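Below is one structure, written out as structure tokens; comments come after it.
The values are calculated or read from the model by the stated rules, or taken from the named source; none is laboratory data. Bear in mind the structure is a predicted one, so any value in this text is a computation, not a measurement. Backbone-built Cβ (ideal geometry, glycine too); neighbour counts: all protein chains shown.
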Amino acid sequence: MELLDVRNLRVTFQSGKEEMEAVQDISFTVKKGETVALIGESGSGKSVTSLAIMGLLPENGRVKDGSILFKGGDLLQRSKKEMQQIRGKEISMIFQDAMVSLNPSMKIGKQITEGLKYHKITERRNLKQEALRLLSVVGFTNPSTVYHQYPGQLSGGMKQRALIAMAISCEPELLIADEPTTALDVTIQKQILELMNEYKIKTETSMLLITHDFGVVSEYADRVLVMFGGKIVEAADVFTIFNRPIHSYTRGLMNSIPRIESPQDYLTTIRDSAVENPFYKGRAFAPETYSLELKTYYSESELVEVEPGHYVRFFTEKEGVTQTWQNL
């Protein structure tokens, strides 16, 4: 059963007199206990998608079309007060920058207990005990000390652990992790990801993992959505994506990763023909492997199921999809 069902989501931002479309008609689901990775380069629309789900878009942003169904109900139809009840308790988010996400003037213990108090998860007299338990869960060996410290007294990895403790404090059913290890070194990244994965398995929490790192995806995701230019260009289970990537952008991302077993002098870069015109409705990615004839270049692209559960956005005529796929 789908816990989250995003359908035909479009998100726009007002810039002066112009309206820019950051997320263009995307659809996906997240099942109970599943980890779905949303991967793509900076500016592809990943974080905007997560903010739309949380109802936290900035003032100049709005959901222009679509629906976001959570446990069958459309989040876009909920009032601000109803969303406040859902955020933190049923859907929680780990932001990528703990330095910005934590209040520098408030002790860690108080920040963790805020959500517990607001959602009335724990009786007031037990708040400190629960906060100490959560700090232990996320790997602190000295929870009593950390409880009384300010964020500025903690290292980057410790801040991120505290942020995770806040996110899981109310035992949400859906955890959105927006590049939670970007600011951390490789060793700490591994620890944080293992911590999140252990929690997810233990509690059967669903996770939407937003990242640009295919290495992270290979270890922790069940399904993968590859995003470019506000659109999902390929979607499949993690095994299929790594063994049979079809879209040239997906293959470009994977080929850009340096590999120990096959060292190379130069890293592969992605060449594309992105159109800057904000009113352009054709394909946003036009690699050299595809025809650049005007009739296809300016035609709308759509996701096509090339094999069971494997969807790819092609930029050739629909009837030529099978032949194109076999020739890749």
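Hey, could you check the range 102-127 for residues that are touching a Lys or Arg at 6+ places or on another chain (Cβ under 7 Å) and part of a loop (DSSP other than H, G, I, E, B) and say which is modelled with the lowest pLDDT?
Per the stated criteria, the residue is HIS119.
Residue check: is VAL100 among the aliphatic types (A, V, I, L, M) and buried (at least 20 other Cβ atoms within 10 Å of the Cβ)?
In short, no.
Please pick out the residue among ASP97, ASP74 that is of a type outside the set (A, V, I, L, M), touching a Ser or Thr at 6+ places or on another chain (Cβ under 8 Å) and at pLDDT below 90.
ASP97
Which condition number in (1) in a helix (DSSP H, G or I); (2) touching a Phe, Trp or Tyr at 6+ places or on another chain (Cβ under 9 Å) is the one that MET83 fails?
(2)
Could you list, in sequence order, the residues of the range 20-47 that are closer than 23 Å to ASP222 by Cβ and among the aliphatic types (A, V, I, L, M)?
VAL23, ILE26, VAL30, VAL36, ALA37, LEU38, ILE39
Being closer than 19 Å to ILE210 by Cα and out of contact with any Pro (no Cβ under 8 Å at 6 or more places or on another chain) narrows it down to one residue among THR145, THR181, THR113, THR141; which is it? Talk me through it step by step, then tell me what you get.
Numbers: THR145 fails: closer than 19 Å to ILE210 by Cα; THR113 fails: closer than 19 Å to ILE210 by Cα; THR141 fails: closer than 19 Å to ILE210 by Cα.
Answer to the selection: THR181.
Just to be sure before I move on: is ARG259 among the charged types (D, E, K, R) and in a loop (DSSP other than H, G, I, E, B) in the structure I sent?
yes
Within the range 172-189, which residues are at pLDDT below 85 and surrounded by fewer than 21 Cβ atoms within 10 Å (Cβ to Cβ)?
Of everything in the range 172-189, those that are at pLDDT below 85 and surrounded by fewer than 21 Cβ atoms within 10 Å (Cβ to Cβ) turn out to be THR182, ALA183, LEU184, ASP185, VAL186, THR187, ILE188, GLN189.
Answer yes or no: is there a residue in the range 128-141 that is assigned to a helix (DSSP H, G or I), surrounded by fewer than 19 Cβ atoms within 10 Å (Cβ to Cβ) and among the hydroxyl-bearing types (Ser, Thr, Tyr).
Filtering the range 128-141 down to residues assigned to a helix (DSSP H, G or I) leaves 128-137.
The next check asks that each one be surrounded by fewer than 19 Cβ atoms within 10 Å (Cβ to Cβ); those that pass are 128-130, 132-133, 136-137.
Those still in the list that are among the hydroxyl-bearing types (Ser, Thr, Tyr) too: 136.
Within the range 128-141, one or more residues are assigned to a helix (DSSP H, G or I), surrounded by fewer than 19 Cβ atoms within 10 Å (Cβ to Cβ) and among the hydroxyl-bearing types (Ser, Thr, Tyr).
Do we have LYS190 as within 30 Å of THR29 (Cβ to Cβ), assigned to a helix (DSSP H, G or I) and among the charged types (D, E, K, R) here?
Here the answer is yes, as LYS190 does meet what is asked.
Residue by residue through the range 51-70, note down the ones that are out of contact with any Lys or Arg (no Cβ under 6 Å at 6 or more places or on another chain) and either surrounded by fewer than 16 Cβ atoms within 10 Å (Cβ to Cβ) or farther than 14 Å from MET83 by Cβ (or both).
LEU56, PRO58, GLU59, ASN60, GLY61, ARG62, LEU69
For the range 3-32, name all the residues that are hydrophobic (A, V, I, L, M, F, W, C) and over 16 Å from the mean Cα position of the chain (by Cα).
PHE13, MET20
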